[in-house]
Amino acid sequence: MSTEEIKNVVLVHGAFADGSGWRRVYELLTARGYRVSIVQNPLTSLEADVAATTRVLDLQDGPAILVGHSWGGTVITEAGVHPKVAGLVYVSALAPDAGETTAQQYEGFAPTPDFVIDVGDDGYGYINRDAFQAGFAADVSDADAAFMADSQVPIDMAVFGTAVSAAAWRDKPSWAVIATEDRAFDQAMLQHMASRIGADITNVPGSHALFITQARTVADVIVTAASSAAPVALGAGTR
């Protein structure tokens, strides 16, 4: 890897999951010489998740590509204004604009009946265990899907009503990897969000768990982002 290329990658998971789902992407990127860091979102508020991501970005020794899956897209949209972020990669991810909430992104698009969220009295949601594989990970093995369902991290559903304060994609180059069999989002919604932010879009067969099942494609897009965003990062510096 030449010194002109961006070597740092920060991965941000979404709701109902944790950072361990990025294992294969991590392995593929580190094998190619990248320094990969994985954020562990508390999923208690947008502010807390942005703070967790910012904490990891602060540790980077130079420009970085910031990657988010699903809810992680909302997180990187705000956290991505960090001066070390040179580019953004949205992996079947939400991409609100400044002043918009995550919930607003769903307006006008078809419902997703296979993606069933059960909400407790405390306002935290889990994906219904019996519906988990169909809605989240249809192309993952039965055993892996069962483990993912049983190791879910609940999210405070109030986060979806919190507006982002800034939209990093307005000033930084973006890429999107979209799973064409994603049942967590209407396909038209994913395409609309990625197109609106001007992302370079890669469509790939797969479920919402494409960060696992299509890890190689996701990693390849991250490498492309690192190579393409490098001249911008070098010009701007890393304040």
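The values are calculated or read from the model by the stated rules, or taken from the named source; none is laboratory data. Everything numeric here is computed off the predicted structure, so don't read it as measured data. Here the Cβ is made from the backbone with ideal geometry for all residues, glycine too, and neighbour counts use every protein chain on show. The accessibility values were calculated without ligands, DNA or RNA, using every heavy atom of the protein model including side chains. Shrake-Rupley method; radii C 1.70, N 1.55, O 1.52, S 1.80 Å.
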Legend entry - Share of carbon and sulfur in the accessible heavy-atom surface of the range 141-222 [1.4 Å probe, %]: 51 percent
Inset, instruction - Nearest 5 is fine: what % of DSSP beta bridges in the chain come out antiparallel, could you say? - result: 20 percent
Legend entry - Only Lys, Arg (+1) and Asp, Glu (-1) charged, at Cβ; the range 30-82 dipole about Cα centre in debye: 240 debye
Inset, instruction - Sorted from largest down, give the three principal axis spans of the alpha carbons of the chain, whole angstrom values. - result: 49, 37, 30
Legend entry - Prolate/oblate/rounded call for the range 98-234, Cα gyration tensor, a/c under 1.5 rounded: oblate
Legend entry - Amide H within-cut-off set for residue 80, under 5 Å, with H built and near neighbours excluded: 168
Inset, instruction - Pull out a ≥ b ≥ c, the square roots of the eigenvalues of the alpha-carbon gyration tensor of the range 21-67, then state rounded if a/c is under 1.5, prolate if not and a/b is larger than b/c, and oblate in the remaining case. - result: oblate
Inset, instruction - Could you please put 181, 107, 100 in sequence from largest to smallest accessible area, using a 1.4 Å probe? - result: 107, 181, 100
Inset, instruction - Just the Kirkwood number for the range 115-188, please: inverse of mean 1/r across all distinct Cα pairs, in Å, one decimal. - result: 14.6 Å
Inset, instruction - Springs between alpha-carbon atoms under 10 Å, Gaussian network over the chain: tell me which of 12, 153, 119 tops the mean-square fluctuations. - result: 119
Inset, instruction - In Å and from the alpha-carbon atoms only, list the Rg and Dmax of the range 37-138. - result: 15.1, 44
Legend entry - Cut-off 11 Å between beta-carbons: net charge of the residues surrounding residue 96, Lys and Arg +1, Asp and Glu -1: -2
